[in-house]
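The values are calculated or read from the model by the stated rules, or taken from the named source; none is laboratory data. Being a predicted model, the structure only gives us computed values, none of them experimental. Note: ideal-geometry Cβ built from the backbone for every residue, glycine included; neighbour counts use all protein chains shown. Just the protein is used for accessible areas: all its heavy atoms, side chains included, with ligands, DNA and RNA removed. Shrake-Rupley method; radii C 1.70, N 1.55, O 1.52, S 1.80 Å.
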Amino acid sequence: MKQEIIMAGFGGQGVMSIGRLLAYAGMKESKEVSWMPSYGPEMRGGTANCTVIVSDEKIPAPVSSHPDTAIVMNLPSQDKFAPKVKKDGHLLVNSSLIEKEVERDDINIIKIPANTIADELGNTRVANMVMLGAYIAAVDIVSLDTVKDSLTNVLPERRHNLIPMNEEALDRGYNLV
Amino acid sequence: MSEKKLMKGNEVVGEAAIRAGCRYFFGYPITPQNDIPAYMSRRLPEVDGVFLQAESEVAASNMVYGAAGAGARVLTSSSSPGISLKAEGISYIAGAELPAVIVNIMRSGPGLGGIQPSQADYFQATKGMAHGDFRLLVLAPSTVQELADLTYLAFDLADKYRNPVMVLGDGMLGQMMEPVEFKEMRDLDELPKKEWATDGAKGREKNVINSLGLVAENLEKHNLKLKAKYDQMREEEVRYDDYKMDDAELAIVAYGTTARIATSAIDRARKEGYKVGLIRPITLFPYPENRIAEAADQVDEFLAVEMSTGQMVEDVKLAVNGKKPVEFYGRTGGVVPSTDEIYDKIVAMRGDK
């Protein structure tokens, strides 16, 4: 099995972090993984994104023209990446911030009110974890437990007090799908 | 080997260098390689090493000259425009026959250019780094693991030949994360002794490190001695990797991250029945010219793919020596070629066959 995932959002929405978390979890499950960030000069209000590939086999290109899944946290990201998702692939939409509909009926569109759920948990910044939880429920690529186990590896030590909240956010997203 | 870590290519350069026995880093910041000095500034003090941010790239490369002359394993890193500035020092280091490792995480040019990935410094790295009749040994990793392994190896090769070695990556490789396992930490006392180093002449004949040679006949001798080293590299250090070449009718030649994208295109083309393979040079100097010449007797045609307007393709043509057609596909300016584009080029070349 091979999954190419693009995660995109505003700078600060934590798309790089959930990318690293997913890659780390894949590595823990002895899969081949790669994490490729966009690092170009982005406009303020534009999108930051990363491409994560999790595979049973060696990964050739670390970038993808047609990802299996796109996780979009804001509208510019949806506009940019929704058209690129492979047929029968998944599009996970942060419906708290994106109202616009995607005009495609050949992909599986999953709407997650990620910011709303994160706010309920007490911190908007875990909206990214809600999205990642939903993703691993939709696509069986790594287990939820491994993702949770990887939080200690990916979050800096000073943020380890936030692990329970991140775990809850992952659960909430996971249980939505 | 240690446990697997998920690390950024740039940081991996730093850790691999330290494990190879490097205790000195001199550099100057530039994107997209900044994680290398950042990592070294944190990590070198932990192993009693020295990290120094110089006042300029020229200064940094001359600090490397000094440290290498004193017998230390020393690293500098930069991205394209910064390497151009370091070129003067690199020529002196090569002239004085000193071992040093230089990492270039290429960005687009010319001039100040951009910060996105590129392979447009191929000519510079392999043929025209700076003035004078010298060569660098050039290693071109394509994965983060290979970046670790080749950085580690670079220090041994630099010592073996008393010559600067360049690790040539691009912004993509520097910025991406992949799992990596490091080789063991070298014991500094076990490293080969450098009898030629200027590390204090008490009790022995003094050593001289110099790149000045005003007597033409003597300097010619020196140049021929250097050439003999480069010839030895050609004999002993050529490294490359073949992928699905056994029955290939079209051979793609690509290095670094571009080779990985080409591999994806090859996998797709193979599913459609196109007999395509890849020769991936790992050493860019010495170049695997014999492997390519040999392939010219097997395949119908070649395709060089690069992130440039066509640099390495010239070495492919030299090796093929007119036996078979050599085509080129490249994107440049920081644009990374896509799997689709390379696939389309394969189909355009092989479609009617």
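Put a dot 7 Å past each Cα toward the Cβ at B:L188 and B:L112; how far apart are the dots in nm?
Taking the two extended label points, one gets 3.9 nm.
Let me have the relative contact order for the stretch B:240-350, percent, based on Cα pairs under 8 Å that are six or more residues apart. Write out the running numbers ahead of the final one.
On the way: 201 pairs, mean separation 33.7, N = 111.
Over the stretch B:240-350, the number comes to 30 percent.
Just to verify a number: FRET efficiency for B:K323 and B:N34, C-beta to C-beta distance, R0 = 41 Å, to 0.05? Could the numbers behind the result be given before it?
Numbers: r = 44 Å, r/R0 = 1.08.
Given R0 = 41 Å and the Cβ-Cβ separation, E is 0.40.
If you keep only loop residues by DSSP, which trypsin sites (Lys or Arg not before Pro) in the stretch A:1-91 have at most 15 other Cβ atoms within 10 Å of their Cβ?
On the way: sites: A:K2, A:R20, A:K28, A:K31, A:R44, A:K58, A:K80, A:K84, A:K86, A:K87; in loops: A:K31, A:R44, A:K58, A:K86, A:K87.
For trypsin sites (Lys or Arg not before Pro) across the stretch A:1-91 that sit outside H, G, I, E and B with at most 15 neighbouring Cβ atoms in 10 Å, the list reads A:R44, A:K58, A:K87.
Quick one: longest stretch of chain B between exposed loop GluC sites (Glu not before Pro), exposed meaning at most 14 other C-beta atoms within 10 Å and loop per DSSP?
Working: sites that count: B:E3, B:E55, B:E181, B:E184, B:E195, B:E205, B:E272.
Answer from the scan: B:56-180.
Per q in 0.08, 0.10, 0.17 Å⁻¹, report the Debye log10 I(q)/I(0) for chain A, using one uniform scatterer on each alpha carbon and no solvent.
Log-scaled intensity ratios, in q order: -0.21, -0.33, -1.02.
Carbon and sulfur together cover what percent of the accessible area of chain B at a 1.4 Å probe radius? It would help to have the intermediate numbers written out before the result.
Details: 6970 of 14160 Å².
Reported share for carbon and sulfur atoms: 49 percent.
Angle, helix B:9-19 long axis vs. longest principal axis of chain B, Cα atoms, 0 to 90°, nearest 10?
40 degrees
Under the rule of at least 5 residues apart or a separate chain, name every residue whose amide H is placed under 5 Å from the amide H of A:K111.
Those qualifying (amide H under 5 Å, at least 5 residues apart or on another chain) are A:V93.
Suppose each label sits 7 Å from its Cα in the direction of the beta carbon; what would the B:D344-A:S65 distance come out to in nanometres?
Simple spin-label model gives 0.6 nm for this pair.
At 222 nm, what value in deg cm²/dmol follows for chain B if DSSP H runs of at least 4 each add -39500 (n - 2.57) and the sum is divided by all its residues, to the nearest 500?
On the way: 12 runs with 141 residues, N = 353.
Roughly -12500 deg cm²/dmol at 222 nm, from the helical runs in chain B.
Mind checking the mean number of beta-carbon atoms from other chains within 10 Å of the Cβ atoms in B:330-336? Could you put the intermediate results ahead of the total?
On the way: counts 0, 0, 0, 0, 1, 0, 4.
Per residue, the number of nearby Cβ atoms from other chains is 1 on average.
Any chance you could run the full-extension gain for A:E103 through A:D149? It's 0.36 nm times the residue separation minus the Cα-Cα distance, nm to one decimal.
Working: separation 46, 0.36 × 46 = 16.56 nm, distance 3.71 nm.
Full-extension gain reported as 12.8 nm.
Can you list the aspartates and glutamates whose alpha carbon is less than 15 Å from that of B:K202, not counting same-chain residues fewer than 8 positions off?
Result set, ordered by chain and number: empty.
Mind listing the long-range amide H neighbours of B:L139? Cut-off is under 5 Å, sequence gap 5 or more, other chains count too, H placed in the peptide plane at 1.01 Å from N.
The list, which skips near neighbours in sequence, is B:M166, B:V167, B:L168, B:L284.
Given a Förster radius of 30 Å and the C-beta distance between A:D119 and A:D140 as r, what FRET efficiency does 1/(1 + (r/R0)^6) yield to the nearest 0.05? All intermediate terms of the calculation are to be shown ahead of the outcome.
Details: r = 29 Å, r/R0 = 0.95.
After rounding to 0.05, the efficiency reads 0.55.
Go ahead and set up a Gaussian network model of chain A, Cα springs under 10 Å, then flag whichever of A:M16, A:M129, A:M165 fluctuates most.
Checking each option, the largest mean-square fluctuation is seen for A:M165.
For the stretch A:2-176, what does the relative contact order come out to in percent, with C-alpha contacts under 8 Å and a separation of six or more? The partial results should precede the final answer.
Values: 358 pairs, mean separation 39.0, N = 175.
It comes to 22 percent, rounded to a whole number.
Based on the alpha-carbon gyration tensor of the protein assembly as shown, what equivalent-ellipsoid semi-axes (square roots of 5 times the eigenvalues) come out, in whole Å, largest first?
43, 29, 18
Report the relative contact order of the stretch A:98-177, percent, no decimals, based on alpha-carbon pairs under 8 angstrom and at least 6 residues apart. Can you show the working numbers first?
On the way: 78 pairs, mean separation 31.7, N = 80.
Here the relative contact order equals 40 percent.
On alpha carbon coordinates alone, what is the Rg over Rh value for the stretch B:240-350, Rh being the Kirkwood radius?
Numbers: Rg = 12.4 Å, Rh = 13.5 Å.
Expressed as Rg/Rh, it is 0.92.
Per residue, how much accessible area does the protein assembly as shown show when a 1.4 Å probe rolls over the protein heavy atoms, in square angstrom?
Details: 21940 Å² over 530 residues.
Ligands and nucleic acids excluded, the figure is 41 Å² per residue.
Between B:T198 and B:V215, 0.36 nm times their residue separation minus their Cα-Cα distance comes to what? Show your work: numbers first, answer last.
On the way: separation 17, 0.36 × 17 = 6.12 nm, distance 2.32 nm.
Result for the pair: 3.8 nm of gain on full extension.
Report, to the nearest 10°, how far helix B:216-236 tilts away from the longest principal axis of the Cα atoms in chain B, using its own Cα long axis and a range of 0 to 90°.
In chain B, helix B:216-236 runs at an angle near 50 degrees to the longest axis.
How much FRET efficiency would the formula 1/(1 + (r/R0)^6) give for B:V47 and A:E29, where r is the Cβ-Cβ distance and R0 is 51 Å, rounded to 0.05?
Details: r = 33 Å, r/R0 = 0.64.
Plugging the Cβ-Cβ distance into 1/(1 + (r/R0)^6) gives 0.95.
Which shape class applies to the stretch B:130-189: rounded if a/c is under 1.5, otherwise prolate when a/b exceeds b/c and oblate if not, where a ≥ b ≥ c are the square roots of the Cα gyration tensor eigenvalues? Show your work: numbers first, answer last.
On the way: a/c = 3.34, a/b = 1.25, b/c = 2.68.
Oblate.
Along Cα→Cβ, 7 Å out, is where each label goes; now give me the distance between the ones at B:D241 and B:K227 in nm to one decimal.
3.5 nm
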